[in-house]
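Participant: Take this structure, written in structure tokens, and hold onto it; I'll ask about it next.
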């Protein structure tokens, strides 16, 4: 079953120096852009992360520091990448928890304000786990009856993710062939930022989701304890979390 689209959607997969969203970097990315008319565009390239790639990460994706020494940095490709993605919705495998947050960190470091507000995010892994509780390799075998050759290579994983989503829509009658539905279905939690450090409560108010102020209104804490803002801005929090925190602070600045 073909994915029903009203606007383009970009499937993407990242290979990175590690799994820390705030400090690790992209070493390879692959993008599959689908257009409503059925046109497909695939772009894959390696990236110089500007920091060493740990051996344990290289053992996963096979990319070492010397392999990307002469590749462009993310800063060098950020503007053209943002232009290529355009207003597309975003999809991936574990993308809501990892790929999207890390991509946003890279864009912010490059000075690109890549807006997520009007995009739907479809996480194929979340759909998969809700339905079958497996990994991408098993998902590809289960849904597509194929062996995933080149697993942990960005392009192989990315194209497999796209095929798995189409097969999921075909298999489960309760899954609507609609990006808005798939985005809502694959969402876990009601995050205000991307990593769930700030979430919306039942009254749609931003509250902290960690630490001594967990469950408390962000607006209230910033008003009563201004130093908490400074502590978070200086701490090892993702740039996107800091962006959301600052937006809340500035929104209430004149109150």
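The values are calculated or read from the model by the stated rules, or taken from the named source; none is laboratory data. Values in this document were obtained by computation on a predicted structure and should not be read as measured data. We place every Cβ from the backbone using ideal geometry, glycine too, and count neighbours over all the protein chains shown.
Participant: Scan region 1-33 for residues that are surrounded by fewer than 17 Cβ atoms within 10 Å (Cβ to Cβ) and in contact (Cβ under 8 Å) with a residue 60 or more places away in the chain and jot them down.
Facilitator: Correct list: 1, 2, 4, 6, 7, 19, 22, 23.
Participant: Condition first: out of contact with any helix residue (DSSP H, G or I) (no Cβ under 8 Å at 6 or more places or on another chain) and touching a residue at least 12 places away in the same chain (Cβ under 8 Å). Now tell me which residues in region 146-168 satisfy that. Full working, then the answer.
Facilitator: Filtering region 146-168 down to residues out of contact with any helix residue (DSSP H, G or I) (no Cβ under 8 Å at 6 or more places or on another chain) leaves 155-156, 158-159, 162, 166.
Of everything in region 146-168, those that are out of contact with any helix residue (DSSP H, G or I) (no Cβ under 8 Å at 6 or more places or on another chain) and touching a residue at least 12 places away in the same chain (Cβ under 8 Å) turn out to be 155, 158, 159, 162, 166.
Participant: What residue, of 56, 41, is surrounded by fewer than 14 Cβ atoms within 10 Å (Cβ to Cβ), more than 30 Å from residue 5 (Cβ to Cβ) and either assigned by TED's automatic domain parsing to the domain that holds residue 115 or modelled with pLDDT under 95 (or both)? So that I can check it myself, show each step before the final result.
Facilitator: Numbers: 41 fails: more than 30 Å from residue 5 (Cβ to Cβ).
Testing whether each residue is surrounded by fewer than 14 Cβ atoms within 10 Å (Cβ to Cβ), more than 30 Å from residue 5 (Cβ to Cβ) and either assigned by TED's automatic domain parsing to the domain that holds residue 115 or modelled with pLDDT under 95 (or both) leaves just 56.
Participant: OK, next. Within region 169-184, can you find the residues that are in contact (Cβ under 8 Å) with a residue 24 or more places away in the chain and farther than 30 Å from residue 216 by Cβ?
Facilitator: 169, 170, 171, 172, 175, 177, 178, 179, 180, 182
Participant: Another question about this same structure. Would you check if there is a residue in region 210-217 being surrounded by 19 or more Cβ atoms within 10 Å (Cβ to Cβ) and closer than 27 Å to residue 119 by Cβ? If you could, list the steps in order and put the result at the bottom.
Facilitator: Of the residues in region 210-217, the ones surrounded by 19 or more Cβ atoms within 10 Å (Cβ to Cβ) are none.
No, because not a single residue in region 210-217 is surrounded by 19 or more Cβ atoms within 10 Å (Cβ to Cβ) and closer than 27 Å to residue 119 by Cβ.
Participant: If you don't mind, there's one more thing I want to ask. All but one of (1) in a helix (DSSP H, G or I); (2) in contact (Cβ under 8 Å) with a residue 60 or more places away in the chain; (3) touching a helix residue (DSSP H, G or I) at 6+ places or on another chain (Cβ under 7 Å); (4) closer than 17 Å to residue 32 by Cα hold for residue 126; state the number of the condition that does not hold.
Facilitator: Answer for residue 126: the failing condition is (4).
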